[in-house]
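Here the structure is laid out as structure tokens; the discussion comes afterwards.
Here, each number is a calculation from the coordinates, and none is a lab measurement. Note that the structure is a prediction, hence the values are computed from the model and not measured. Here the Cβ positions follow ideal geometry from the backbone for every residue, glycine too, while neighbour counts run over all protein chains shown.
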Amino acid sequence: SIFYDLIPLLNPDLYFSGNLEFEKFYLSKLKKLRQLDGLLAISESSAYEANQHLDFNKSFVFNISSACDKSTFNTSRKIICSDSIKPILNETFLLYTGAGDSRKNLKGLLEAYSLLPQKLKHFKLILAGKLAIPEQELIDQWIQSYGIDSKNVIQTGYISDDDLVGLYRNCYLFVFPSFHEGFGLPLLEAMSCGAPVIGSRATSIPEVIGKS
């Protein structure tokens, strides 16, 4: 089987608290994983998790890494961006795309953004992708608590691949501050589109952007 990560198991307070049905379902799937002959992990980090926390024989856990669709994410494909995204492309902006659960560390991202020196205050922060309403509300609270001008933080909601590629190609910097990833696919997508990237040193992220 392809093996992605053990994020819920290693962060039970975030993923199991008050959700007994999901916990029961998830743990039943882990039992089935232990019955397999081999695991194809998507990173060194996820292979390590399988070895450490599933007691899986290391000889049968293989890191096959991951990849993005280079026919979609590249620097040359002709794209047509939506009218809602086009104005952003004329701005100087930092970009994040991904989910909004707490391991993604959007609170830390907003805090760091609030601490930018005055000469960089013109940079917009774009949070691309669909976020749940409670996540949007938390982001709005953090924007207020850190004293950020709400006009400088743009939540796009769901966007098309063309819009995402346009944002990757035109961002000043792609930022990925996550605490835990199985691989970190947005980083690879961004780099494939020519974006400079920065990310945390956690779990698999250094594998994607370099370990120096």
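Between PHE16 and ILE2, the contour length at 0.36 nm per residue exceeds the alpha carbon distance by 2.7 nm. Taking amide hydrogens as placed 1.01 Å from N in the peptide plane, the amide H of GLN155 sits under 5 Å from those of LEU127, each at least 5 positions away in sequence or on another chain. Whole-Hz Karplus values for the stretch 96-104 come out as 10, 9, x, 6, x, 5, 4, 5, 6 Hz, taken residue by residue from phi with 6.51 cos²θ - 1.76 cosθ + 1.60 and θ = phi - 60°; glycine and proline positions read x. Over every Cα atom in the chain, the radius of gyration and the widest Cα-Cα span, Dmax, amount to 18.7, 57 Å.
Of the beta bridges in the stretch 72-207, as assigned by DSSP with both residues counted there, near 5 percent are antiparallel. A Cβ-based charge dipole, computed about the Cα centre of the stretch 1-120 with Lys and Arg at +1 and Asp and Glu at -1, lands at about 280 debye. Using the Cβ of GLU135 as centre and a radius below 13 Å, the other residues enclosed give a net charge of +1, where K and R count +1 and D and E count -1. Computed from point charges on the beta carbon alone (+1 for Lys and Arg, -1 for Asp and Glu), the dipole magnitude for the chain about its Cα centre is near 380 Debye. Normalising the average separation of contacting C-alpha pairs (under 8 angstrom, six or more residues apart) by the number of residues puts the relative contact order of the stretch 65-153 at 31 percent.
Using Cα-only point scatterers and the Debye equation, what is log10 of I(q)/I(0) for the stretch 105-176 at each q in 0.16, 0.17, 0.21 Å⁻¹, rounded to two decimals? Log-scaled intensity ratios, in q order: -0.58, -0.66, -1.00. Ordering 80-89, 11-20, 155-164 by mean Cβ neighbour count within 10 Å, with the highest value first, yields 155-164, 80-89, 11-20.
Taking the convex hull of the alpha carbon positions in the stretch 139-212 and averaging its projected area over all directions gives 6.0 nm².
Based on DSSP H segments of at least four residues, each scored -39500 (n - 2.57), the chain has a per-residue ellipticity at 222 nm of -10500 deg cm²/dmol.
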